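Undergrad: Dropping the structure in here first, questions after.
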Amino acid sequence: MTDAVGIPEKGRIRLLSDALIDQIAAGEVVERPASVVKELVENSLDAGASRIRVEIRDGGAALIAVTDDGIGMSPRELPVALQRHATSKLASAADLMRISSFGFRGEALPAIASVSRFRIVSRVRGSDHGHEIQIEGGRVVRESEAGGPEGTRVEVADLFASVPARRKFLKRPGTEWGHIADWLVRLALVRPELHLEAWRDQKTAFVWPACRDHRDRIADVLSEDDAAALIEVDRAAPEIRIHAFVSTPERTRPNGQGLYLFVNGRPVRDRLLRHALVEAYRDLLPRGRFPIGILFLEVPPETVDVNVHPAKWEVRFSDPQAIHRAIRHSVKDAMASRRWLGTLGAPGRVASADGPFRTRSETSGRRVAASGEAGGTDDWIFAQGGPRPGPPRSGGDGSVRETPEGDPFGGIALDADSGLHTAAGSEDRTPEPPVASFGALPILGQLRASYLLAESEDGLLVVDQHAAHERILYERLRQTWLESGVARQGLLTPTSVSLAPGAIEAILDAKDRVERLGFEIEAFGEGAVLVRAVPAELSGQEIGTLVTELGAALEAAPHDAETGDLDASAIRWLPTLDRLFATLACHSARRFGDRLPEPEQREILRGLDSIPWAPTCPHGRPVAVLIRHEDLESRFRRR
Ligand code: ADP
Ligand code: MG
């Protein structure tokens, strides 16, 4: 093809020049310096490199250089590699669906070369000399024999210098370096056998020598302490393998930055995977805290689309629910089998202010003891009431059985029962409750208008009335929403609520979702909506607060235009919903200090029987504490 062939009569429609096509491709491939690093390093990996060095100057704006010890390219191959759609990795369209290597479009090198001053030097393994090509403004300015070690070195200087509109969008060097380092960290985690080093402005930023296994690499990249504390999860079924290193509930972070996710060896930032991992901790972590987790997911390549966008790290699964469930189960089981949720220990500690999670120093000695013990000594009640599909997980003595062999996901088939309701955790099996039924316990009364006291066979059950009621409301909202939609209760007099324009728009735009949540809301002039119905479970509450929370959640919710499939988008929406349900439940629950009539006390205890039992309220505070007879006896020196 020649340069810009004009159409004589009109002169309006033209074929684009190769150089321009490359620059357009660059717009897709090269979003920022980190994407150049990614493309170059992936090429090195594809070339079988075992050592890779990355050099960055000025956040990548001045220089990005990647040097590898891979197979290299011969003087004949080198110019070909720089042509558009030149690739050694893709022979037919059928290959597209089963891509296992990293890059495959065959356009990265020409695209990058079109927006930089570009130099590539390569020497084939075993050859006695190399070859180099320099490109400027999309044109070869030099091609010659070159020295250098076996392998390939690519230098990208003055990125976007010739495309001011794009250069302008480069952020501060520190920010661009941050994106680069972020990606390199992930690569390091997934490829421990790789020697990886990075130089920033001519100083060593890090050197990660080749490691034996993931845990060693995690120690290098994160910290020794983190690495030592992580639990390894390794589960495989025919269509899926989950290999992960996850933190115990005691080791949390204030945000999700300790989560590293990989699909078939590629780092991703998928919301679904992240949610599944965090969901496994749903009842174990205080709200707003996140686990540390390094998750390697392997699935058949044809069941996942990783080609969504070259610069984004998102993936699309053909069966997102199955993936979600498998991750959740594997991680949850790992938690349960370790019995992190062991005894609380000495009497007097039961109401300790720091909640259900002891500090490391407190647990370290006790963990060993707890693991050898028979169950039934838990002060915190980790159990599940209500319908219990499948065989119970615990023995009669309350001890936790290990997952049976050959049943990698705790007996839940991946392809069966893929209904969304499973995301509610109703089938998640946790240890047996020490009381068969909360509702059946004799109630002793209310303490400080805040705690419900009940007598159980094993001791005195103390229930935080607000936390318990909140938990019940939360679970019911969540469960009914997942099953069919939350029941609505019409208001006798429709109420108008003033809201910010963004919230109004979000509510009116999401009519289906709003109705499924049990609300009926319509436009009401400028700056307000008219509320005709609210979730039945929450009726009697301050409507303005509920609707404001709803608006905020909808504004924050991801817009999922991809499919009309409610289930697929629903699961992506769950993280937002969980927060919304927790907030709504909190607003509506009986307060600490509310004097409750006996029937209402009873109703809360019964409510605990009707939900998948969990030890904490949605905010992570404990719901119930059992003060055992033995504890009382020892305090009264009767033992
Ligand atoms: P793709 O990676 O999609 O094939 P690229 O433009 O990134 O396209 O690279 C084109 C070709 O150049 C590759 O298919 C590969 O054969 C060759 N190549 C690129 N980088 C290297 C490298 N570091 N070592 C060896 N060969 C390389
Ligand atoms: Mg490539």
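The values are calculated or read from the model by the stated rules, or taken from the named source; none is laboratory data. The shown structure was predicted, so the numbers you read here are calculated from the model rather than taken from an experiment. Don't worry about glycine lacking a Cβ; one is built from the backbone with ideal geometry, like all the others, and counts go over all protein chains shown.
Undergrad: Taking Val141 as the residue in question, decide whether it is without any contact (Cβ under 8 Å) to a residue 12 or more places away in the chain, more than 16 Å from Pro33 (Cα to Cα) and part of a strand (DSSP E or B). Break it down into steps so the answer makes sense when it comes.
TA: Numbers: without any contact (Cβ under 8 Å) to a residue 12 or more places away in the chain: yes; more than 16 Å from Pro33 (Cα to Cα): yes; part of a strand (DSSP E or B): yes.
When the stated conditions are applied, Val141 passes them.
Undergrad: Identify the residue in region 53-85 that is in a strand (DSSP E or B) and either near ligand 1 (Cβ under 8 Å from one of its atoms) or on the phi > 0 side of the Ramachandran plot (or both) and, among all such residues, is surrounded by the fewest Cβ atoms within 10 Å (Cβ to Cβ).
TA: Of region 53-85, the ones in a strand (DSSP E or B) are 53-57, 63-68.
In the following step, the residues that additionally are either near ligand 1 (Cβ under 8 Å from one of its atoms) or on the phi > 0 side of the Ramachandran plot (or both) were identified as 66, 68.
On the way: Val66: 23, Asp68: 28.
In this case the residue turns out to be Val66.
Undergrad: Out of the helices (runs of 4 or more DSSP H) lying entirely within region 461-550, which hold 2 or more residues that are crowded, with 19+ Cβ neighbours inside 10 Å and of a type outside the set (D, E, K, R)?
TA: 465-483, 501-509
Undergrad: So, one more: Among the numbered criteria (1) outside any loop (DSSP other than H, G, I, E, B); (2) modelled with pLDDT under 90, which one does Leu189 miss?
TA: The one condition Leu189 does not meet is (2).
Undergrad: What's the number of the only condition in (1) in contact with a Leu (Cβ under 9 Å, 6 or more places away or on another chain); (2) closer than 30 Å to Asp58 by Cα; (3) at pLDDT below 90; (4) not hydrophobic (A, V, I, L, M, F, W, C) that Ser223 fails to meet?
TA: Going through the list (1) in contact with a Leu (Cβ under 9 Å, 6 or more places away or on another chain); (2) closer than 30 Å to Asp58 by Cα; (3) at pLDDT below 90; (4) not hydrophobic (A, V, I, L, M, F, W, C), Ser223 breaks only (1).
Undergrad: For region 27-48, give me the residue count where each residue is farther than 14 Å from Ala181 by Cα, crowded, with 18+ Cβ neighbours inside 10 Å and away from ligand 2 (no atom under 13 Å from the Cβ).
TA: The total comes to 1.
Undergrad: For region 263-273: of the residues being touching a residue at least 60 places away in the same chain (Cβ under 8 Å) and surrounded by fewer than 21 Cβ atoms within 10 Å (Cβ to Cβ), which is nearest to Thr583 (Cα to Cα)?
TA: The residue in question is Arg271.
Undergrad: Still on this model: Can you pull out every residue in region 113-126 that is modelled with pLDDT of 90 or more, under 16 Å from Ala62 (Cα atoms) and either polar (S, T, N, Q) or within 12 Å of ligand 2 (Cβ to nearest atom) (or both)?
TA: Matches in region 113-126: Ser116 only.
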